[in-house]
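The values are calculated or read from the model by the stated rules, or taken from the named source; none is laboratory data. Predicted, not measured: the structure shown is a model, and the values here were computed from it. With ideal geometry, Cβ positions are generated from the backbone for all residues, glycine too; neighbour counts draw on all protein chains shown.
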Amino acid sequence: MAERSVIEWTDHTWTPIVGCTAKSPACANCYAAPMAARLEAMGMAKYAGLATRSGGRGKWTGKVNLSEADVLAPLNKRRPARWFLTSMGDVFHEAVPDEFLDRLFAVMALGSRHTFQVLTKRPERAAQYLNTPDRVWKLFGSVRKHIDDEYREGSRWEEDETPFPWPLPNVLIGCTAEDQARANERHPHMLRIAAAGWNTFVSYEPALGLVDWTGWQFLKWLISGGESGHGARPSHPDWHRAARDFCAAHGIPYMFKQWGEWAPRRQAERDDLLDARRSVIVKPDGGITSGLMAYGSDAWVLDRLGKKAAGRLLDGQLWDGVPVLKGGA
């Protein structure tokens, strides 16, 4: 099933893979886990056994379901669009077999009118999969075995030549990097993917700490944003400014997606004493206080307003940069 998305940087969510396992600090308040538990409670077999829910929070069980009914969804849409794979799991989760990934990438190859945004917290597996020497021929075999002729008509693949352009020019491979530790950990794998010719991006959301983006000049896109929902953690404005300024210096499209639950009001003052249920002071190093503690002039007061009221303006401006890919939407 293809769904119109409310996510600012895509048009449709594509969910042939559902289910996950928590991987890093960004996963602490995952929106997808409680949603999966809720959808199972509503009788949707696709989400059976994926997550448990308690007190409004969800927890992945580690089970992953593969939805055959959703594999071909993008090929049924003629209008060029952006497709996010997958909003309810991780494409490169350890439980997803390579053969199933071959089928999904075959669909992306045939759907060259679309742009596909593949986001993972497991870029090490993505790098291994995408750099397999005969991968393009495995995709070709998957097309012949699994995809009906009606979807192949007018496509660019031919039996007597390289069946697809590889890397696929209409695909973005991205990773989440919520803080410096995760950026350091995932950088070598993303660099390997980019060096192989793939378009790459980073989702710096939820931003949980300042990141030095030196060495990420190979990116085609960077998205940053604060956390929303239950238990959301505030993000310092300077973290997003650093990402924005890095992109501006290197010609990388930048999108500020949202403040999330917490919006900046002003720089903190030495005598501030705040109601921590509604307002907090955030230091550049991520330290949080309600006031009357040691902090410099670079600390900020953030108010808990909710996602809609907090908005999407960074320094009074919308930042909606997106990359334009060859052959994609």
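Being assigned to a loop (DSSP other than H, G, I, E, B) and either among the basic types (Lys, Arg) or modelled with pLDDT of 90 or more (or both) is the filter here, so list the residues in the stretch 266-283 that pass it. Matches in the stretch 266-283: 270, 277, 278, 283. Pull out all pairs, ordered by first then second residue, where Cβ-Cβ is under 6 Å, the residues are six or more apart or on different chains, the first lies in the stretch 207-224 and is without any contact (Cβ under 8 Å) to a residue 24 or more places away in the chain and more than 21 Å from residue 25 (Cα to Cα), and the second is hydroxyl-bearing (Ser, Thr, Tyr) and crowded, with 16+ Cβ neighbours inside 10 Å. Listed by first residue and then by second, the contacts come to nothing, as the list is empty. The set of residues from the stretch 185-204 being part of a loop (DSSP other than H, G, I, E, B) and surrounded by fewer than 22 Cβ atoms within 10 Å (Cβ to Cβ) comprises 196, 197. Of everything listed in (1) surrounded by fewer than 17 Cβ atoms within 10 Å (Cβ to Cβ); (2) at pLDDT 90 or above; (3) more than 16 Å from residue 223 (Cα to Cα), the single unmet condition for residue 307 is (1). Of all the listed residues (61, 120), the sole one being touching a residue at least 40 places away in the same chain (Cβ under 8 Å), closer than 25 Å to residue 222 by Cβ and hydroxyl-bearing (Ser, Thr, Tyr) is 120.
Suppose we filter the stretch 95-129 for residues that are farther than 24 Å from residue 182 by Cα and of a type in the set (A, V, I, L, M); how many remain? Of the residues in the stretch 95-129, 7 are farther than 24 Å from residue 182 by Cα and of a type in the set (A, V, I, L, M). Restricting to the stretch 71-92, name every residue that is farther than 15 Å from residue 105 by Cβ and in a helix (DSSP H, G or I). Of everything in the stretch 71-92, just one residue is farther than 15 Å from residue 105 by Cβ and in a helix (DSSP H, G or I), namely 76. For the stretch 263-275, indicate whether the set of residues that are in contact with a helix residue (DSSP H, G or I) (Cβ under 9 Å, 6 or more places away or on another chain), without any contact (Cβ under 8 Å) to a residue 60 or more places away in the chain and closer than 21 Å to residue 212 by Cα is non-empty. No: zero hits. Only one of the listed residues (41, 22, 37) is surrounded by fewer than 18 Cβ atoms within 10 Å (Cβ to Cβ) and without any contact (Cβ under 8 Å) to a residue 24 or more places away in the chain. That residue is 41. Only residues that are buried (at least 17 other Cβ atoms within 10 Å of the Cβ), aliphatic (A, V, I, L, M) and without any contact (Cβ under 8 Å) to a residue 40 or more places away in the chain were counted in the stretch 276-289, giving 1. For the stretch 216-261, a tally of residues being in a helix (DSSP H, G or I) and under 15 Å from the mean Cα position of the chain (by Cα) returns 0. Given the criteria within 26 Å of residue 31 (Cα to Cα) and at pLDDT below 95, does residue 286 qualify? So residue 286 passes the test.
For residue 302, the conditions (1) in contact (Cβ under 8 Å) with a residue 40 or more places away in the chain; (2) not in a strand (DSSP E or B) all hold with the exception of (2).
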